[in-house]
Number of protein chains: 4
Amino acid sequence: MDSTVADPQQENTARLIVQGTDCPGIVRAITGTLADFGANIASLDQHTSDPEGGRFFQRTLFSLPNLSAVVEDLRTRLGEVLNEFGMEWQLVEAKRLKRVAVFASKSDHCLLDLLWRQRRGELPVSITMVVSNHPDLSDDVRAFGIPYFYVPVEKGRREEAEARHLELLQDNVDLVVLARYMQVLTEDFINRVGVPIINIHHSFLPAFIGAGPYRKAKERGVKLIGATAHYVTKDLDEGPIIAQDVISVTHRETADDLQRRGADVERRVLSTAVEAHCEDRVLRDGNATIVF
Amino acid sequence: MDSTVADPQQENTARLIVQGTDCPGIVRAITGTLADFGANIASLDQHTSDPEGGRFFQRTLFSLPNLSAVVEDLRTRLGEVLNEFGMEWQLVEAKRLKRVAVFASKSDHCLLDLLWRQRRGELPVSITMVVSNHPDLSDDVRAFGIPYFYVPVEKGRREEAEARHLELLQDNVDLVVLARYMQVLTEDFINRVGVPIINIHHSFLPAFIGAGPYRKAKERGVKLIGATAHYVTKDLDEGPIIAQDVISVTHRETADDLQRRGADVERRVLSTAVEAHCEDRVLRDGNATIVF
Amino acid sequence: MDSTVADPQQENTARLIVQGTDCPGIVRAITGTLADFGANIASLDQHTSDPEGGRFFQRTLFSLPNLSAVVEDLRTRLGEVLNEFGMEWQLVEAKRLKRVAVFASKSDHCLLDLLWRQRRGELPVSITMVVSNHPDLSDDVRAFGIPYFYVPVEKGRREEAEARHLELLQDNVDLVVLARYMQVLTEDFINRVGVPIINIHHSFLPAFIGAGPYRKAKERGVKLIGATAHYVTKDLDEGPIIAQDVISVTHRETADDLQRRGADVERRVLSTAVEAHCEDRVLRDGNATIVF
Amino acid sequence: MDSTVADPQQENTARLIVQGTDCPGIVRAITGTLADFGANIASLDQHTSDPEGGRFFQRTLFSLPNLSAVVEDLRTRLGEVLNEFGMEWQLVEAKRLKRVAVFASKSDHCLLDLLWRQRRGELPVSITMVVSNHPDLSDDVRAFGIPYFYVPVEKGRREEAEARHLELLQDNVDLVVLARYMQVLTEDFINRVGVPIINIHHSFLPAFIGAGPYRKAKERGVKLIGATAHYVTKDLDEGPIIAQDVISVTHRETADDLQRRGADVERRVLSTAVEAHCEDRVLRDGNATIVF
């Protein structure tokens, strides 16, 4: 599978992501460099956490005729300019889709939604593999033409499974998505995998951290249930939040009903987060996120 | 102030609220009794927590020509029928508005919203007094023709203030509403006041229990903020939830912005909960609620 | 495919739907009859359009041990009681799933969502066939083990296609769902098919009636787009509304983006409407609906 | 009343709004000019309707030490730069609050909400007068210390009233807000008043254009009702939409209930639109708006 798109509009489009300590002149430096190369800015979003010495975040979407021919020169020039300002930055060509591994267990709603959106051309990603600790969903996944790797996680032998995971992932993916993967990842795995990991949690975090959120929600008698997509960090359910949503519920719903209705929110929130991440619209600011 | 309404449609309308252990025949017994008196049922909501021996909850809204003349007979007859089934029940004439004391501190948004709605005839309540530990809002309240009692709560002398509160409330109100009243009530007060107390908490409970929820929400980087109206019990922020709502927020909002935008959700959720309670649409089921 | 469920909880559960001109005593008559048979009411919803001689609507969910054995007797007895009151009524055993034909064209989002939900056990229906005027979606559908009938609709030969449709549907289905079926049905077909038809319209009706709603929405500059599920009547886009929902949009979205994002609302609204209909929670009141 | 604020953070803050035909280099030109003056950009939003020769829209919020001293020089310099690109532009100091006249009739919910938000410091406006064709709300308004002008509009004598309106408004206001003002304005008035006019329409436009939207919504049986804030143009209910929102309703609500519940949406949508306009976040693009 080729992880690029042929859309001519995308062919010459790129995104420049910049962040660092705010200082005067930085926007001029960036837009000046782009203008020197003849780029046309399609949209520009900028946020400063504090006008006085806060953190600076910027995402610029631009088109540049013959992008491939000049992209390396542009990269070199941006490096000279932005390193002077001490900025972290990334230049991403829109045609290079992020390569994604989706991890799942037995629930199919989040996984199928991602596969189906990719097939429809709605999600600018290239899902290159699905990894699961159960064999149940293999037929569904392979019907989409995507490889399915069954890696059982036996009690007390998590390390073996994670070693296999790393073999599969290393250099092959730009993002891991946990689509209701019911295993906790070790801190060691998170450190070694080297790419961001997005998880969908089936509650409106920070409410109902941990297991069984729908049962807890029923017991607490809440009138809304929700889901949260967040980056995975070593602290379970504590990573930076990318997207959240809720729906109304009443006394009529049982805990099972909540789970069923919550599944709709989960798949919606997860695909929103994956889309935002893969369009480079999510910037981390400590344990929070900027979503342009 | 007369706590009844002259609306002829309300004049002959009543609500019957019944709850207890479910058993066959109870609905027939209730509707049969009402039919014997010539009542016409306008709406009937019934919920059973479990069809097999669960808890039974019912709210029936009905009209009965010449209600006042027969209401005591009806009450006697319902008592005979319902006590046999071991049910708790209440018969409430729609024209008898619940008498409400609103407690506030310095924030005016929830308080004024309730006063406006009452004046506009939107809220079927009779707000008979406002009690505050600050004098700031007295002019605003008195402009509505409603008495304002300033009862300062000095450090270490909470009991004195609560004794004064009980004098004001006893036999004078059917409901206490804490409209951003920034004092914790003692368990003793809650027990002695003898009427339900509704509080508005400025977060989507059970997230961000305790003080400073908007600051905590900013720190945690949530993408939704909310408010929760609940009955007050001795366990702070743990009582049965009546209503909740949320709004979307982004990285742009400061903690102050969240507080300002959250205020809109707070007043909306609080008035929704007060309206539901005062129309006898909220039934308690352990630490949860049925809202018909 | 067997259109019943083995769930023991469903086995003895039934729904009684009653509607007609309101008159005193009707609720007692219904609940009395159910009590005579030893039924236990799990939930009861009742609505009257006007307490004085309006229309009466009631849905009662009850369980009755050994339901199959007595259901015909119960039906006979209910007939005697309810016909006296001049009521229309229906007694439906929960285990008898409604048999559904889904009509689609080339868009797969609404169709696949219904198929997924049925497979997951979320939707209490038995989808017995998919009918399409295009062959494109046949593989996807047959992977679910459901027959796919390709019935092309040629210009000027609509009658032939509809004749074929009627052959397929007659006596085989209880409901037709138009899941983005891009053909207008003739009044003759609607009359002859003899079962309700639910359509999903890709706008917040009555805004943007007719074709191209997302393009019109973009031109009008609306800040919300939506979808509407409604029963089909001879007047295009004018039938009784069952469910509606919207999402926020901004100036950033192109008409294509609106269509893509709107697809999410469409499938959510359609499955909500189909679920409500198939649980007999939707009652028609002229050109409006009661959704219990 | 002084229409400036003393907030030191606002003192040196300004907004630059630029729009016109997109062309390469424009962002560099703007940010370069600001950098030359030592401005620090707090946020920058830019949108292009089409990367190839579309319309360009930009809003830049920046701070500049000693703004007042240099603002005229900056204005001159920006004029030289931006006129060369053929751009329309505006430089607005944040401390200069827009002066607003609110028009109302008998309904108070939108009017009071605006007055109260201004008093709380939530709305960056200076409401300098309220104009009404009824005397009813004068006491409420004057309690806020704001002048109330009662200008009756007699049948067939609209011109006289509008002449009086123009006398009151000319040179005194920057914005007119119609807060449920139940009179149609003449095209002549709209042309002569010389400032934008924002109206709140009590439906989700373009559904239910014209009078009586809640009654129409009840008749059509919709499941959501809404409100729309838009700029007033000569075509009734057809002007550019600034903000919209909806709430769920059911068969239970009468047309009167819809009106009452809709009032909540109206005041929320209107204040959102007024706030966005007064922070110069709304740019017109033909009959649509960009809201940054």
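Any residue at all in the stretch D:226-242 that is among the aliphatic types (A, V, I, L, M) and either under 29 Å from C:PHE56 (Cα atoms) or touching a Phe, Trp or Tyr at 6+ places or on another chain (Cβ under 6 Å) (or both)?
Residues of the stretch D:226-242 among the aliphatic types (A, V, I, L, M): D:227, D:229, D:232, D:236, D:241-242.
Still in the list and also either under 29 Å from C:PHE56 (Cα atoms) or touching a Phe, Trp or Tyr at 6+ places or on another chain (Cβ under 6 Å) (or both): none.
No; the residues of the stretch D:226-242 include none that is among the aliphatic types (A, V, I, L, M) and either under 29 Å from C:PHE56 (Cα atoms) or touching a Phe, Trp or Tyr at 6+ places or on another chain (Cβ under 6 Å) (or both).
State all residues of the stretch D:110-131 that are in contact with an Asp or Glu (Cβ under 7 Å, 6 or more places away or on another chain) and within 11 Å of another protein chain (Cβ to nearest Cβ); if no residue qualifies, say none.
Within the stretch D:110-131, D:LEU112, D:LEU123 meet the criteria.
Which count do you get for residues in the stretch C:269-278 that are touching a strand residue (DSSP E or B) at 6+ places or on another chain (Cβ under 8 Å) and either among the basic types (Lys, Arg) or surrounded by 24 or more Cβ atoms within 10 Å (Cβ to Cβ) (or both)?
The number of residues fulfilling the criteria is 5.
Only residues that are closer than 19 Å to C:GLN170 by Cα and open to solvent by 30 Å² or more (accessible area, probe 1.4 Å): list them for the stretch C:196-213, please.
Within the stretch C:196-213, just C:PRO196 meets the criteria.
Just to be sure before I move on: is D:TYR150 among the hydroxyl-bearing types (Ser, Thr, Tyr) and surrounded by fewer than 20 Cβ atoms within 10 Å (Cβ to Cβ) in the structure I sent?
Values: among the hydroxyl-bearing types (Ser, Thr, Tyr): yes; surrounded by fewer than 20 Cβ atoms within 10 Å (Cβ to Cβ): yes.
The answer is yes for D:TYR150.
Tell me, which helices (runs of 4 or more DSSP H) wholly within the stretch A:1-85 include 2 or more residues that are modelled with pLDDT of 90 or more? Write out each step before concluding.
Values: elements: A:8-11, A:26-36, A:67-84.
It comes to A:26-36, A:67-84.
With respect to D:THR233, is the statement that it is open to solvent by 10 Å² or more (accessible area, probe 1.4 Å), more than 17 Å from C:PHE208 (Cβ to Cβ), within 14 Å of another protein chain (Cβ to nearest Cβ) and not aromatic (Phe, Trp, Tyr) true? Don't jump to the end; show me each part of the working.
Details: open to solvent by 10 Å² or more (accessible area, probe 1.4 Å): yes; more than 17 Å from C:PHE208 (Cβ to Cβ): yes; within 14 Å of another protein chain (Cβ to nearest Cβ): yes; not aromatic (Phe, Trp, Tyr): yes.
When the stated conditions are applied, D:THR233 passes them.
Looking only at the stretch D:172-179, decide whether some residue is under 18 Å from D:ARG260 (Cα atoms) and either touching a Gly at 6+ places or on another chain (Cβ under 6 Å) or polar (S, T, N, Q) (or both).
Initial filter on the stretch D:172-179 (under 18 Å from D:ARG260 (Cα atoms)): D:179.
Right, trim to either touching a Gly at 6+ places or on another chain (Cβ under 6 Å) or polar (S, T, N, Q) (or both) and you get none.
So far as the stretch D:172-179 goes, no, none of its residues is under 18 Å from D:ARG260 (Cα atoms) and either touching a Gly at 6+ places or on another chain (Cβ under 6 Å) or polar (S, T, N, Q) (or both).
Quick check on my filter: what residues within the stretch B:94-121 are open to solvent by less than 30 Å² (accessible area, probe 1.4 Å) and polar (S, T, N, Q)?
Once the filter is applied, which keeps residues that are open to solvent by less than 30 Å² (accessible area, probe 1.4 Å) and polar (S, T, N, Q), the stretch B:94-121 yields only B:SER105.
Only residues that are within 16 Å of D:ALA35 (Cα to Cα) and either without any contact (Cβ under 8 Å) to a residue 12 or more places away in the chain or of a type outside the set (Gly, Ala, Ser) (or both): list them for the stretch D:49-71, please.
Filtering the stretch D:49-71 down to residues within 16 Å of D:ALA35 (Cα to Cα) leaves D:59-67, D:70-71.
Within the stretch D:49-71, D:ARG59, D:THR60, D:LEU61, D:PHE62, D:LEU64, D:PRO65, D:ASN66, D:LEU67, D:VAL70, D:VAL71 qualify.
I need every pair where a residue in the stretch D:205-224 that is more than 19 Å from C:VAL246 (Cα to Cα) has its Cβ under 8 Å from the Cβ of a residue that is assigned to a helix (DSSP H, G or I), sequence separation at least 6 or different chains.
Note: pairs meeting the criteria are D:ARG215/D:ALA255.
Can you give me the number of residues within the stretch C:22-54 that are more than 17 Å from B:THR48 (Cα to Cα) and either touching an Asp or Glu at 6+ places or on another chain (Cβ under 6 Å) or not charged (D, E, K, R) (or both)? So that I can check it myself, show each step before the final result.
Initial filter on the stretch C:22-54 (more than 17 Å from B:THR48 (Cα to Cα)): C:22-30, C:32-33, C:36-37, C:47-54.
Checking the rest, the ones that are also either touching an Asp or Glu at 6+ places or on another chain (Cβ under 6 Å) or not charged (D, E, K, R) (or both) come to C:23-27, C:29-30, C:32-33, C:37, C:47-49, C:51, C:53-54.
Result for the stretch C:22-54: 16.
Which count do you get for residues in the stretch D:269-286 that are modelled with pLDDT of 95 or more and part of a loop (DSSP other than H, G, I, E, B)?
Summing the residues that are modelled with pLDDT of 95 or more and part of a loop (DSSP other than H, G, I, E, B) in the stretch D:269-286 gives 3.
Filter the stretch B:59-87 for residues that are basic (Lys, Arg) and within 28 Å of C:SER49 (Cα to Cα); which is nearest to the chain's Cα centre (by Cα)? Give the derivation first.
Of all residues in the stretch B:59-87, those basic (Lys, Arg) come to B:59, B:75, B:77.
So of that shortlist, the ones also within 28 Å of C:SER49 (Cα to Cα) come out as B:59, B:75.
On the way: B:ARG59: 16, B:ARG75: 24 Å.
The extreme case among them is B:ARG59.
Do any residues in the stretch D:161-172 that are closer than 10 Å to D:ARG192 by Cβ have Cβ atoms under 9 Å from those of residues that are open to solvent by less than 80 Å² (accessible area, probe 1.4 Å) and small (Gly, Ala, Ser), where the two are at least six apart or on different chains, and which pairs are they?
These pairs meet every condition: D:HIS165/D:ALA101; D:LEU169/D:ALA101; D:LEU169/D:GLY194; D:GLN170/D:GLY194.
Return the residues of the stretch B:236-254 that are surrounded by fewer than 16 Cβ atoms within 10 Å (Cβ to Cβ) and over 21 Å from B:ALA276 (Cβ atoms); say none if nothing qualifies.
Answer for the stretch B:236-254, where residues must be surrounded by fewer than 16 Cβ atoms within 10 Å (Cβ to Cβ) and over 21 Å from B:ALA276 (Cβ atoms): B:LEU236, B:SER248, B:THR250, B:ARG252, B:THR254.
Confirm whether D:GLU266 is at the interface with chain C (Cβ under 9 Å from one of its Cβ atoms) and either open to solvent by 10 Å² or more (accessible area, probe 1.4 Å) or part of a helix (DSSP H, G or I) (or both). Outline the logic, then answer.
Working: at the interface with chain C (Cβ under 9 Å from one of its Cβ atoms): no; either open to solvent by 10 Å² or more (accessible area, probe 1.4 Å) or part of a helix (DSSP H, G or I) (or both): yes.
When the stated conditions are applied, D:GLU266 does not pass them.
Kindly check whether there is at least one residue in the stretch D:80-92 that is without any contact (Cβ under 8 Å) to a residue 40 or more places away in the chain and within 13 Å of chain A (Cβ to nearest Cβ).
no
Can you tell me which of (1) more than 14 Å from chain B (Cβ to nearest Cβ); (2) open to solvent by less than 10 Å² (accessible area, probe 1.4 Å); (3) over 19 Å from the mean Cα position of the chain (by Cα) is the one C:HIS134 doesn't meet?
Result: C:HIS134 fails condition (2) only.
Determine, yes or no, whether B:PHE144 is in a loop (DSSP other than H, G, I, E, B) and in contact with a helix residue (DSSP H, G or I) (Cβ under 6 Å, 6 or more places away or on another chain). Quick ask: steps written out before the conclusion?
On the way: in a loop (DSSP other than H, G, I, E, B): yes; in contact with a helix residue (DSSP H, G or I) (Cβ under 6 Å, 6 or more places away or on another chain): yes.
For B:PHE144, the condition - in a loop (DSSP other than H, G, I, E, B) and in contact with a helix residue (DSSP H, G or I) (Cβ under 6 Å, 6 or more places away or on another chain) - is met.
If you go through the stretch D:183-201 one residue at a time, do you hit one that is within 14 Å of chain C (Cβ to nearest Cβ) and among the polar types (S, T, N, Q)?
no
Would you point out the residue of the stretch B:9-58, among those that are β-branched (Val, Ile, Thr) and more than 7 Å from chain C (Cβ to nearest Cβ), that is farthest from the chain's Cα centre (by Cα)?
So the residue we want is B:THR33.
Looking only at the stretch C:214-224, decide whether some residue is touching a Leu at 6+ places or on another chain (Cβ under 7 Å), open to solvent by 20 Å² or more (accessible area, probe 1.4 Å) and facing another protein chain (nearest Cβ under 9 Å).
Pass one, the stretch C:214-224, residues touching a Leu at 6+ places or on another chain (Cβ under 7 Å): C:214, C:217-218.
Restricting the remaining residues to those that are open to solvent by 20 Å² or more (accessible area, probe 1.4 Å) gives C:218.
When the remaining residues are screened for being facing another protein chain (nearest Cβ under 9 Å), the result is C:218.
Yes.
Could we say that A:ILE225 is touching a Cys at 6+ places or on another chain (Cβ under 7 Å) and within 13 Å of A:GLU266 (Cα to Cα) here?
No: the conditions fail for A:ILE225.
The values are calculated or read from the model by the stated rules, or taken from the named source; none is laboratory data. Source: prediction; values computed, not measured. So basically every Cβ, Gly included, is an ideal-geometry build from the backbone, and we count neighbours across all protein chains shown. We work out accessible area using only protein heavy atoms, side chains counted, and drop any ligands, DNA or RNA first. Shrake-Rupley method; radii C 1.70, N 1.55, O 1.52, S 1.80 Å.
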